[in-house]
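Notes for the one structure printed next.
Only the coordinates and a few stated rules stand behind these numbers; no lab work does. Note that the structure is predicted; figures quoted are calculated from it, not measured. So basically every Cβ, Gly included, is an ideal-geometry build from the backbone, and we count neighbours across all protein chains shown.
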Amino acid sequence: MKILLVEDDHTISAAICDGLRQEKFAVDVEYDGEAAYYSILGSRYDLIILDVMLPGMNGTELAQALRTQKISVPILMLSAKAEITDKITGLNTGADDYMAKPFSFEELLARVKALLRRPPATLGQVIQADNLALNTVTTTVTRGDKPIQLSAKEYALLEYLLRNKQQVVSKQNLLNHVWDFDADVLGHTVEVTIANLRTKIDRPFDKPLIHTIRGFGYTIKE
C-alpha cells in the first residue's frame, strides 16, 4: 500500500516515514501543499497523511481541491490545532479522519490501518446521480441548476437512497435508517415521503431517477 505524507516539519516527517516503512508501507513525502497536489494528480495513492499548516496551499485547501477533482483517496489530517471547530473544519473540507498533535505513532498507525480497511471508493462531500447533487455539508440539493427545497425527512431519505444508488432499498431499511427508533411512523409514511420527493426532484424534469421495484423497495438509477 502506498501512502503520501505531506508534512513540512522534516523531523516529524522523517519519524513518520521511518515508522511506516518499518510496517512495510511505501511512503512518498512532500513538504508543501502545491507540490503535493500535483504529485497526487500524477500518481495513485492508497492514503494521504496531510498536515494542516503547510506553506503555499494549506492542508484544508488541498483536501477541498482534491475532493472537488473527485479524488476520493482517504485523507488523515494532522494538526497542532485541537479545538472541536478545527476538527469540524478539517472533516467538512474532505478529511476522513483528524489527529491533533502531539500523537503517538501507535495511534497514527492504527488510524492508517482503519482507513485502509474502508472500501476503495468514498462518496465525498457531494453525492450525485445524473444531474441531481446532494451536498452533505451544506445540506443543499440541486438538480441541474435548480435548487430544491426538501423537508428534513425528505432530505434524509434522498441521502440514504443516493448513498445506495443502483441498489434496491427496502421500505423497512428506509424506516430503520431515516426515522428515529421511537418515532411515531404510520404504515404509509415511506410511500408518502417518496411521493413528495418525486414531486420535487422527478416530475419537473424529463428523466425520473427514483424507481419503485414492486415487492422489493426503491432505487435511484442514473
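Can you tell me the mean projection area, over all orientations, of the convex hull of the chain's alpha carbons? Units nm², please. If you can, show how the numbers build up before the last one.
Working: hull surface 58.1 nm².
Its average projected convex-hull area is 14.5 nm².
Amide H of Met77: which non-local residues (sequence gap of 5 or more, or other chain) have their own amide H closer than 5 Å, using H built in the peptide plane?
Leu50, Asp96, Asp97, Tyr98, Met99
Taking only C-alpha pairs under 8 Å that are 6+ residues apart, what is the relative contact order of the chain in percent? Let's see the in-between values first.
Working: 322 pairs, mean separation 29.0, N = 222.
Relative CO of the chain lands at 13 percent.
Among the listed pairs Lys24/Lys113; Lys146/Lys171; Lys70/Lys146, which have their C-alpha atoms separated by more than 24 angstrom in this model?
Details: Lys24/Lys113 12 Å; Lys146/Lys171 28 Å; Lys70/Lys146 22 Å.
The pairs that break the limit, which is 24 Å between Cα atoms, are Lys146/Lys171.
Calculate how steeply helix 59-68 sits against the longest principal axis of the alpha-carbon atoms of the chain, using the helix alpha-carbon long axis, and give the answer as 0 to 90 degrees to the nearest 10.
40 degrees
Mind sorting Leu157, Leu108, Leu150 by how few other Cβ atoms lie within 10 Å of their own Cβ, fewest first?
Details: Leu157 25, Leu108 17, Leu150 20.
Going from sparsest to densest Cβ surroundings: Leu108, Leu150, Leu157.
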